[in-house]
Every structure is written in structure tokens, then in C-alpha cells.
Amino acid sequence: MAGKAQIPTRNSALIAMIADEDTVTGFLLAGVGNVDLRRKTNYLIVDSKTTVKAIEDAFKEFTSKEDIAIVMISQYVANMIRFLVDSYNKPIPAILEIPSKDHPYDPAHDSVLSRVKYLFSAESVASGRR
Amino acid sequence: MSGQSQRLNVVPTVTVLGVMKARLVGATRGHALLKKKSDALTVQFRQILKKIVSTKESMGEVMKTSSFALTEAKYVAGENIKHIVLENVQNASLKVRSKQENIAGVKLPKFEYFTESETKNDLTGLARGGQQIQQCRAAYVKAIEVLVELASLQTSFLTLDAAIKTTNRRVNALENVVKPRLENTITYIKAELDELEREDFFRLKKIQGFKKREIEKQAAAARKFAEEQFEEKEAPKKGVSINSTHNFLSAGKKDEDIIF
């Protein structure tokens with residue numbers, strides 16, 4: 001396919017996170033956290049003091065790194081950098097918007113889900129689902 | 001239609017007509033194949049759409065459960081558990097493996113997670129709340145499982161979307177541009193060849209008529225010549241020279257009047 005990004009096959013890739021402290025703690029407990037030689041982490045804890053600039057930088061860094069397959073981002077954080085998330089269109093790493101504890105999940109804001117819903121309404125495949 | 005008057009710029013010959021016909025056959029076959037591919041991709045796409053919606057719903061459930069498990073662990077083991085966890089991060093023990101799946105020539109990524117080594121947080125919560133912490137970890141691993149599945153679905157969705165768009169564009173291009181153009185070229189060449197044939201036929205007719213007239217003329221000349229020959233041969237037999245026959249009546253002396 002012309003213009004289509006190549007999908008690399010690799011045996012081990014990381015899951016990156018941009019989320020609030022509790023969510024990150026939970027996933028770190030599950031064992032996705034990684035610290036490389038330069039003491040760079042594959043996660044960013046977003047609290048009230050984190051600037052939008054820092055989130056943007058982290059997002060750009062995670063999406064450009066080669067050893068990251070999935071970037072999980074809390075939905076309220078994704079809303080802060082919505083323009084970046086919406087303009088991102090590469091297949092790998094995949095961007096996943098996850099719900100966080102303090103903020104209710106709103107499917108309307110999810111960039112992928114909104115496209116899914118749009119296609120659903122256009123094709124009326126699952127008209128009875130929602 | 002805009003493509004009606006379009007045709008390729010070719011020399012109208014029988015050879016080119018053959019080439020064009022072969023190309024039209026190729027284009028038709030390619031169109032049929034691409035159409036089939038597009039249909040197959042669309043079927044896959046619909047399935048993925050359905051799966052994405054249901055997985056997104058279950059993701060909400062799983063995240064809720066895991067958050068609750070974390071709250072439980074915090075309650076039992078104390079608030080400072082998160083500092084211990086954050087400090088203990090070294091190497092990822094839970095990683096993602098990505099491989100490709102081939103659907104109608106489109107490569108779709110497929111993620112699956114695997115645990116590489118033992119987690120470093122084994123001693124976390126040794127003092128109190130160890131069981132809750134293990135439960136919390138299990139809940140989050142489960143969440144990862146769902147999220148990884150969702151990620152591969154989502155990536156497949158985006159890749160398939162792009163692939164379907166390109167395939168449909170090709171199908172439409174073949175159907176609406178390439179095929180009409182080839183058909184127009186073929187009709188053009190056929191018309192041109194017919195014209196040539198008619199011209200040729202007319203010319204042959206013309207030549208035939210010309211030859212016929214020429215033969216008739218020659219025949220007439222020959223006949224005339226033969227008659228002359230014949231006359232020349234006959235004249236001496238009658239005893240009158242051919243020259244004297246011309247002024248047979250007028251050339252001689254004036255005859256005396258005859259009175260009856």
C-alpha cells in the first residue's frame with residue numbers, strides 16, 4: 001500500500017502511560033513500568049502541578065519512541081492535548097484513552113470511538129446497540 | 001459524463017486494437033478482484049467495529065474494578081504504598097508482543113501481552129495488606145489484558161479504514177476512468193478500421209471500373225483495326241485499288257450524259 005506506515009514486528013515492546021497518580025500506581029503494580037539507562041520513565045504522572053507543555057512533550061516522546069507499542073492516556077489528560085491526539089494518525093503506537101477514577105468516562109470525546117460511532121450511525125450496523 | 005469523450009492517443013491499427021482489448025480484459029479482471037478485496041475488508045471492518053464497541057464498554061467495567069481494588073489496597077496497606085511502588089520501578093516485567101495478521105493483503109497488527117520476569121514488587125505490603133495488593137495487581141493485569149486487546153482492535157480499525165479507502169478509490173478509478181477510456185479507444189479504433197475498409201473497397205471498385213473501360217476501349221480499337229485490315233485485304237480482290245475507291249465516282253472524267 002502506498003503511503004501506509006510499516007508495522008514493525010517485534011518481540012517485546014512497552015506500554016507507556018500518561019495518567020493520574022492512582023492509575024499509574026495500579027499499572028506499575030501490574031508491572032508495566034520501565035526505567036531506562038538515562039533514568040527516563042515510560043510513564044508520566046499528571047497532577048495539578050503538571051503543565052500542558054509537559055504533557056505535550058511526554059506525548060510526543062512516547063509516540064515517537066520505537067520500543068513503545070501502546071500509549072495509554074487518561075481521558076481528561078487527552079482532553080487537555082486534544083489537538084495532538086486528534087492529529088495523531090499512525091497505527092503504531094496505538095493511543096488508548098482510558099477512564100480515570102476522578103473523571104467519568106465520556107465516549108463522545110474519544111477520538112477513535114467518535115469515528116466508530118459516526119460509522120455506526122452512517123451504516124446503521126448496530127442500530128439497537130446504543 | 002466527463003469520461004465519455006476521453007480516449008487514449010493511439011494509432012488505429014489492428015495490433016493496437018488487440019493490445020487495447022487485452023488491457024480491457026486485464027482492467028475488468030483487476031476491477032473484479034479489487035471489488036472482492038474491498039468486500040472482504042468491509043466484512044472484517046464491521047466485525048472489528050462491533051468488537052470495539054463491546055470492548056470499550058467492558059473496559060469501563062474493568063477499570064472500575066481495578067480502581068476499587070487499588071482503593072482497597074490503599075486502605076489496608078496505608079497511603080504510602082504508592083511511594084513504595086513508584087520507587088521500585090526498574091524494568092518492565094509486563095511487555096507487549098506485536099505480530100502481523102494478513103487479511104486480504106492488508107497487514108493488521110496484533111498485540112499480546114506477556115510477563116517476562118517476576119515483578120519486583122513482591123515484597124510490597126509485606127507488613128500489612130499483602131493479599132489486597134496481590135488482588136489489586138491481578139485486577140490491573142486483567143485491565144491490561146482488556147486494554148491490549150482494545151489497542152490491537154483500534155489499530156486494526158485505523159489500518160483497515162485507510163486500506164478500505166485506498167481499495168475503494170482504486171475500484172472507482174478502474175470502473176469510472178480506466179475502463180471507459182479503454183472502451184472508447186476500442187470503439188474509436190474499430191470505427192477507424194471500418195472507415196479504412198470502406199475506403200479500400202471503394203478504391204477497388206473504382207479500379208475495377210477503370211480496368212473494364214480500358215479493356216472495352218482496347219477491344220473496340222482491336223475490332224476497328226481488324227475491320228480495316230479486312231477491308232485492305234478484300235479491296236485488291238475486287239480489282240479496285242483502295243485509293244481509287246475513295247473518289248470512285250468523282251475523280252474520273254465527266255461521263256457523257258446518258259439519255260434513255
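The values are calculated or read from the model by the stated rules, or taken from the named source; none is laboratory data. Quick caveat: nothing in here was measured; it's all calculated off a predicted structure. Cβ: placed from backbone, ideal geometry, glycine included. Neighbour counts: every protein chain shown. When the accessible area is computed, the model is the full protein with side chains, heavy atoms only, and any ligands, DNA or RNA have been set aside. Shrake-Rupley method; radii C 1.70, N 1.55, O 1.52, S 1.80 Å.
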In order through the range B:69-85: 3J(HN,Hα) via Karplus (6.51 cos²θ - 1.76 cosθ + 1.60), integer Hz, x for Gly, Pro: 4, 5, 4, 4, 4, 5, 5, 7, 8, x, 5, 6, 4, 5, 5, 4, 5
Non-local residues with an amide H under 5 Å from the amide H of B:E101, with H modelled 1.01 Å from N and Pro and chain starts lacking one, are B:L108, B:K110
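How big is the A/B interface in buried accessible area, both sides summed, 1.4 Å probe, to the nearest 100 Å²?
Working: alone 8820 and 19910 Å², together 23680 Å².
Adding both sides of the contact gives about 5100 Å².
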For B:18-25, A:91-98, ranked highest to lowest by mean beta-carbon neighbours within 10 Å, the order is A:91-98, B:18-25
Give the cross-link partners of B:K82 among the lysines, using a straight C-alpha distance below 30 Å as the criterion and excluding same-chain residues fewer than 8 apart. A:K40, A:K49, A:K53, A:K60, A:K65, A:K101, B:K56, B:K64, B:K74, B:K95, B:K120, B:K142
Reachable lysines, given that their alpha-carbon falls under 28 Å from the alpha-carbon of B:K36 and they are not under 8 places away in the same chain: A:K4, A:K90, A:K117, B:K21, B:K50, B:K51, B:K99, B:K107, B:K110, B:K165, B:K179
In peptide B:79-89, what is the residue-averaged number of other protein chain Cβ atoms found within 10 Å of each Cβ? 4
Note every residue of the range B:155-192 with a reduction of at least 50 square angstrom in accessible area, all protein chains present versus the isolated chain, computed with a 1.4 Å probe, or write none. B:F157, B:L158
I'd like the mean, over residues of B:49-60, of how many other protein chain beta carbons sit within 10 Å of each residue's own Cβ. 4
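For a quick check of your reading of the filter: which GluC sites (Glu not before Pro) in the range A:33-79 sit in a DSSP loop and have no more than 13 other Cβ atoms within 10 Å?
On the way: sites: A:E56, A:E61, A:E66; in loops: A:E66.
Those that pass, being in a loop and sparsely packed, are A:E66.
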Mind checking A:92-103 for the average number of partner chain beta-carbons within 10 Å of each residue's beta-carbon? 6
For A:I18, the residues 5 or more places away or on another chain with a placed amide H closer than 5 Å to its own amide H are A:L44, A:M72, A:I73, A:S74
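Once you charge only the Cβ atoms, +1 for Lys and Arg and -1 for Asp and Glu, what is the size of the charge dipole of the range B:14-195 about its Cα centre, to the nearest 20 debye? Spell out each step's value before the answer.
Working: 28 positive and 19 negative charges, 92 e Å.
Dipole size: approximately 440 debye.
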Under Karplus coefficients 6.51, -1.76 and 1.60, residue-wise ³J(HN,Hα) of the range B:152-167 in Hz, glycine/proline x: 5, 4, 5, 5, 4, 4, 5, 5, 4, 4, 5, 5, 5, 4, 5, 4
If amide H atoms are built 1.01 Å from N in the plane of the peptide, which residues on other chains or at least 5 residues away come under 5 Å of the amide H of A:Y88? none
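Express the carbon and sulfur contribution to the solvent-accessible surface of the range B:14-195 as a percent, rounded to the nearest whole number, probe 1.4 angstrom.
54 percent
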Let me check something: with ligands and nucleic acids excluded, how do A:S48, B:S98 order by accessible area (1.4 Å probe), largest to smallest? A:S48, B:S98
